[in-house]
Structure formats: C-alpha cells, structure tokens
Amino acid sequence: MKKNEETQIDMKFSVSRPSTMDLRGRQSVRATFRLSESCIDAISILAAQLGIKQKSVFDHLMEDAQALKSVAQELENTEFDRHQRVQKTFVISRRSLSSLDKISSQHNTPRDALVEYSVRRLLPIIAKERKTHEKRKALLAEISNHYAEGELLLAKADEIVGTEDPIVTKLKTAMSVYKHAIDDITGFIERGKIIEEFQPE
C-alpha cells in the first residue's frame, strides 16, 4: 500500500472514530409502549416505505429534543385516552429512550402520549407515500407489459436465428436480469400494500 493511501485511511478513521459515549447512545434497548393500532401501523408503514428500520423512525422522532418538547407542550392541557391501546415492544436506541424519558419527566407527560403524537406528526409523509405507492403500481403495470413485449421479441429472435445465436443468448441474459428486477419491484410494492388500508384516527 502506498503511503498516501495509508494516510488517507488513517485520516478517515481518525475523523469518524466515535466516542465511547456516542457508541453507548447507539446501543439498542427494548421499550414497551401502549399505543393505538393506527400509530403502530404508521410506524411499520414508514419503516417499510422508506426502507429503514423501525428503530430509525424512533431515532428520528426522539432525538429531536426541540420537536419532542413542542409535542410535550401541546399535550400539557390534553387528556391522553389510554383506552383501546395496544401494548407493543420496540427496539430503539438508548439515546432515544433517554431523550424520551427526560422530556416526559420534565413536562409530566406520559411517554406513550409523546410517542403517539410524535408519530401523528409524520402522517403527511404517509399521505405522500400513499400517492407514490399508487404511481409505483401504475408503473409496474407498464413495466410488466414492456417485459411481455420483450419475451415476444426473444421468441421471435429465437425462431429467426436460432437458440445458440449470440444475439439470442445476450437477449436471454437481458431478459433474465429484467425478470429479476420486476420480481424485486413487485415484492417491494406488495410489502407496501399495508399503506392502502391505513386509516389514521
């Protein structure tokens, strides 16, 4: 390895090296909340649609102390309905839980309420993702039709020049990759179907 390459690597690690406290803050812990079913669904939808872990959704919500304090202030004169709530355990970072506990204590606001109303603030994102989901479904229909045309072209090429012809071989490879891509897209859209039935309270 050249010296300049070694220097670059050393610099990279020296800049990005996390502190012990930072690493502890990223540790995963389990926390149980009593939330509405729509809130639990919203967390699942956001994670699925954005391609992230549920833990990341919590980190985004709970580590923004200013936003969390704003929610707590809004709830100071609001009675939190504990009925029809579902007990659910999530994996979140130690830092997120610490932030949640601190603000809950400072404002005398239930943790469950802070989580519930913080998630509600993300409902516009779900509404936007619902529209995007419908667009993806329409695109998948077009992609599937295009793939079907490609299969017909492959069959025609096979008939004209034969199965072993280089053009047919390359076209088969392309269609195989295409099929794999369609399967991935279909699976992604299927996983996102939960957003079609989501009804926020």
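The values are calculated or read from the model by the stated rules, or taken from the named source; none is laboratory data. Please read these numbers as outputs of a predicted model, since none were measured by experiment. Cβ placement follows ideal geometry from the backbone for every residue including glycine, while neighbour counts extend to all protein chains displayed.
Observations
- Tallying residues that are outside any helix (DSSP H, G or I) and free of Cβ contacts under 8 Å to residues at least 40 places away in the same chain within the stretch 122-146 yields 0.
- Restricting GLU149, GLU164 to residues that are assigned to a loop (DSSP other than H, G, I, E, B), of a type outside the set (A, V, I, L, M) and without any contact (Cβ under 8 Å) to a residue 60 or more places away in the chain narrows the list to GLU164.
- Among residues that are assigned to a helix (DSSP H, G or I), exposed (fewer than 11 other Cβ atoms within 10 Å of the Cβ) and of a type in the set (A, V, I, L, M, F, W, C), ALA174 is not included.
- Checked against the criteria, LEU152 does not count as crowded, with 16+ Cβ neighbours inside 10 Å and not assigned by TED's automatic domain parsing to the domain that holds PHE33.
- Taking residues in the stretch 100-121 that are touching a residue at least 40 places away in the same chain (Cβ under 8 Å), and partners anywhere that are in a loop (DSSP other than H, G, I, E, B), the pairs with Cβ atoms closer than 8 Å and at least 6 places apart or on different chains are ASP112/PHE80; ASP112/ARG82; ASP112/ARG85; GLU116/SER36; GLU116/PHE80; ARG120/PRO200.
- The residue that is farthest from THR32 (Cα to Cα), among those in the stretch 131-149 that are under 25 Å from the mean Cα position of the chain (by Cα) and aliphatic (A, V, I, L, M), is ILE143.
- Entry remark, the stretch 89-130: residues being within 19 Å of the chain's Cα centre (by Cα), surrounded by fewer than 16 Cβ atoms within 10 Å (Cβ to Cβ) and either at pLDDT 90 or above or among the β-branched types (Val, Ile, Thr) (or both) number 3 in total.
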